[in-house]
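Here's the structure, in structure tokens; my notes come after.
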Amino acid sequence: MRVSLFVTCLVDTLYPAVGRATVRLLERLGVEVDFPESQTCCGQLHVNTGYRREALPMVGNFVRAFAQAEVVVAPSASCVALVRETYPELAEETGDPALAREATALVPRVYELTEFLVDRLGVTDVGARFPHRVAYHPTCHSLRALHLGDRPRRLLAAVRDMELVTVEGAESCCGFGGTFAIKNADVSAAMLSDKVGAILASGAEAVCAADSSCLMHIGGALVRRGAPVATVHLAQVLAGEDNVCGQRGVPE
Amino acid sequence: MRDALRPEAPFPAAARTALADATLRANLRRATSTIRRRRDQVVGEVEDWDRLRAQAAAIKDHTLRHLDRYLAQLEAAVAERGGQVHWARDAAEARDVVADLVVGAGARRVLKVKSLTTEEIGLNDVLAERGVEAVESDLAELIVQLGGDRPSHIVVPAIHKNRFEIRDLFARAMGLPDLAPEPTALAEAARLYLRERFLAMTVGISGANFLVADTGAVAVVESEGNGRMCLTLPHTLITVAGIDKVVPTFEDLGVFLRLLARSATGERMNPYTTVFSGVVPGDGPQAFHLVLVDNGRTRALADPLGRTALRCIRCAACLNVCPVYERVGGHAYGSVYPGPIGAVLTPQLRPDDEHARTLPYASTLCGACADVCPVGIPIPRLLVHLRSVAVRADEASGRLGARLAPERLMLRALGRAFAQPRQFERLQALARVMRPLGGRQGRRLPGLGGWTRSRALPTAPRRSFRRWWREEHR
Ligand code: SF4
């Protein structure tokens, strides 16, 4: 199978290690990976802040970049949720019927990483080893938009030498919410502080999630507090890259 | 008079004030987590919960689509049973109609139950102006009223107060210096205080949970039984309700009552459900008036996505699970409708209000609200939709447009650049130049002040993913 990686603008720019881990993981599982270089950003920040019209050029670019792809895989629940939930409508709004048709055809071929691993490849043991105490943060989009269910936990349960710790209030939001963290910085900080407190209390050495954006938010507070907890993307754990835990806060 | 749907401040400012109150936060956390737990438990018992939700949503959508027909049917049914319907376009019309009826009946005191819609129209103030004292029969409403406060929750209006604060308030207002801060003692004190007043009442004013079009029936759901007194003892009963409260038939009521109790208070059935229609000679109120309030609802109906907010049955489940509400409480939303439903309802009822336009941004879009909503309102989708409505409205209005210009200009420029891989890559290089700003010592940047107060900025890597791919992988 040939997979076209949508690495997301955030990973591309700030967390390339997550992208590299995704590539290594998929290749180790025998999947051929392609990176269409005309890809940029799905437009989530714009759409969710209310700048729908301003997002349309990005929608067009995304659809064209991946139109030929057999399967698109992205290491981000929130970007996949945006594409799945709003692309058919957004493409319609561009007023380009051909683009709208292509978008509607493309959407069912776009997968979040754990969906792809569990549903398409049918694997839960990816052969990884990660000798650390890890907290899993189910991000809001993993839980309530994509309904990833227990897919991430099943994948994590098969990782060797790893201890998965429980975090109190695990399913509550970390307070990121894109521009919410800036527009409503005080409420966001209050939510983040509770989340970080729960992670620290869990005794984890690392916190992992399916979204780099939430990890950036949580990691930002961990780094600011000088806490000895690393943030790692699920892809990095599943690729078995235990060197990331030596570093503090945000890897790379 | 203050419009109860117009926030006095933008949400971020009001939220900041609320966040500074540690007692408030503790009260909210305790109360919401208790209701949440109970709700999850009793909802889990219902096997066909999702089917029930879908059914309720379908009934509401159907009713809203044919609202003109059902309202006419309701009016005829009420009249047939000896009641009278009054139509009110806005809050001012509604409170004047009610005040005229009260004064016309010669009452100096009225008893109230289910007061949310009367809060929306600012009824108590107008009654006071005209020399009529309104007595709230609901314990929580009474707490709010005695404290000169405002409700901060749809179902538990005094959720922001703990029992010690309530004890102090009652001790003062009722002259009971030795009152114990125990829930039973507080409830008993309220009961004695109210009973004394009940018996002398000639006019009762109620809200409604549901209006049934085919029989002209009004359904009122409550926990204490005081409301039932308000609905049966007075000579004249005035019910004030939004036009969105209609359901077509009596059978439909069954669907909603099952959903409401479990969602609202985590009970299998609410303690008191009163259903009444019109006037029965010699039994109960001998005059019945139904005041139907629009107050922005028809306008909201015009928006096919936005109108789903009018399915709301005011169970407050979305408030109880909202992480934003849990931290700031209801007053920060500046409207009688707080929390996620308020964030989508208020700006639709008052589309011209600048402060109301900040409400759809009072959410991380975490989706917890949509998961619990018993009538399946897609609140996160609505929030995003209303944000774009706000952006376009700000654009159209010169002054506010100027305030938001930097954000708009930046996002527009980014939108264009991000649609072109070359320009995108150039911007990535800029992120690398900003490397020294990241990490623990991260500077506080203008425009990013909110972020950097409690979070470090990420440190950009030396090489983007795409460069790694080009240089090493391909
Ligand atoms: S929006 Fe849904 S969950 Fe919120 S109060 Fe209304 S019915 Fe209840």
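Summary of computed values
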| quantity | calculated |
| --- | --- |
| Space enclosed by the convex hull of the alpha-carbon atoms of segment B:300-439, per residue, Å³ | 159 |
| Cα point-scatterer Debye curve for chain A, base-10 log of I(q)/I(0) at q = 0.07, 0.10, 0.15 Å⁻¹ | -0.22, -0.46, -1.04 |
| Where A:Asp125, A:Asp34 fall by accessible area, highest first, once all protein chains stay in place (1.4 Å) | A:Asp125, A:Asp34 |
| Estimated D of segment B:53-298 in µm² per second, where Rh is the Kirkwood radius over Cα pairs and Stokes-Einstein applies at 25 °C, 0.890 mPa s | 132 |
| For the protein assembly as shown, calculated [θ]222 nm from helices alone, where every DSSP H run of n ≥ 4 adds -39500 (n - 2.57) | -14500 deg cm²/dmol |
| Carbon/sulfur fraction of accessible area - the protein assembly as shown, other protein chains in place, 1.4 Å, % | 52 |
| Cross-link partners of B:Lys60 among lysines (Cα-Cα below 16 Å; sequence separation of 8 or more within a chain) | B:Lys245 |
| Solvent-free Debye scattering, log10 I(q)/I(0), computed from the Cα coordinates of the protein assembly as shown at q = 0.05, 0.11 Å⁻¹ | -0.28, -1.15 |
| Probe 1.4 Å, protein heavy atoms only - accessible area per residue of segment A:133-246 in square angstrom | 31 |
| Where B:Asp252, B:Asp68 fall by accessible area, highest first, once all protein chains stay in place (1.4 Å) | B:Asp68, B:Asp252 |
| Around B:Lys114: net Lys/Arg minus Asp/Glu count, Cβ-Cβ under 13 Å | -3 |
| Buried on assembly, segment A:188-214 (at least 10 Å² less accessible surface than by itself, 1.4 Å probe) | A:Ala189, A:Ala190, A:Met191, A:Leu192, A:Asp194 |
| For segment B:53-298, accessible area per residue (1.4 Å probe, heavy atoms of protein chains only), Å² | 40 |
| For segment B:320-335, residues shielded by at least 20 square angstrom of accessible area compared with the chain on its own, probe 1.4 Å | B:Pro323, B:Val324, B:Arg327 |
| Total charge dipole magnitude, segment B:53-298, about the Cα centre, Cβ charges on Lys, Arg, Asp, Glu only, Debye to nearest 20 | 340 |
| Chain pair A, B: total accessible area buried, heavy atoms, 1.4 Å probe, Å² | 5600 |
| Calculated diffusion of segment A:62-161, Stokes-Einstein form, Kirkwood radius summed over Cα pairs, 20 °C and 1.002 mPa s, µm²/s | 144 |
| Interatomic Cα distance distribution for segment A:136-252, bins of 5 angstrom, percent | 2, 12, 23, 26, 21, 11, 4, 1, 0 |
| When segment A:2-120 is reduced to its Cα atoms, the Kirkwood hydrodynamic radius in Å | 14.3 |
| Of the DSSP H helices in chain A, those whose Cα atoms cover at least 20 Å axially and whose Kyte score averages 0.5 or more | A:185-201 |
| Å² of accessible area per residue within segment A:2-120, as computed with a 1.4 Å probe and no ligands counted | 31 |
| Solvent-accessible area of B:Glu251 with every protein chain in place, 1.4 Å probe, in Å² to the nearest 10 | 150 |
| Descending principal axes extents, segment B:59-98, alpha-carbon based, whole Å | 32, 25, 12 |
| List of segment B:409-423 residues, accessible area with partners at least 20 Å² below that of the chain alone (1.4 Å probe) | B:Leu411, B:Arg412, B:Gly415, B:Phe418, B:Ala419, B:Pro421 |
| Most positive-pole-ward Cα, A:Leu234, A:Ala221, A:Phe176, against dipole of segment A:133-246 from beta carbon charges | A:Phe176 |
| Cα centroid of segment A:91-163 to Cα centroid of segment B:42-91, whole Å | 40 |
| Net +/- balance of residues flanking B:Leu71 in space, Cβ distance below 12 Å, scoring K and R +1, D and E -1 | -1 |
| Assigned charges on the beta-carbon of Lys, Arg, Asp, Glu; segment A:2-120 dipole about Cα centre (debye) | 200 |
| Extent along principal axes [Cα atoms of chain B; Å; largest to smallest] | 91, 56, 49 |
| B:Thr273, B:Thr184, A:Thr40, ranked by accessible area, largest first (probe 1.4 Å) | B:Thr184, B:Thr273, A:Thr40 |
| Set of lysines with alpha-carbon distance to A:Lys195 below 30 Å, sequence-local pairs under 8 removed | A:Lys183, B:Lys161 |
| √(5λ) per eigenvalue of the Cα gyration tensor, segment A:131-196, largest first, Å | 26, 15, 8 |
| Cα centre as origin, Lys/Arg/Asp/Glu Cβ charges: the protein assembly as shown dipole, Debye | 2280 |
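The values are calculated or read from the model by the stated rules, or taken from the named source; none is laboratory data. None of the values given here were measured: they were computed from a predicted structure. Cβ coordinates were reconstructed from backbone atoms using ideal geometry, including for glycine residues, and neighbour counts include every protein chain displayed. Just so you know, the surface numbers come from the protein's heavy atoms only, side chains and all, with ligands and any DNA or RNA stripped out. Shrake-Rupley method; radii C 1.70, N 1.55, O 1.52, S 1.80 Å.
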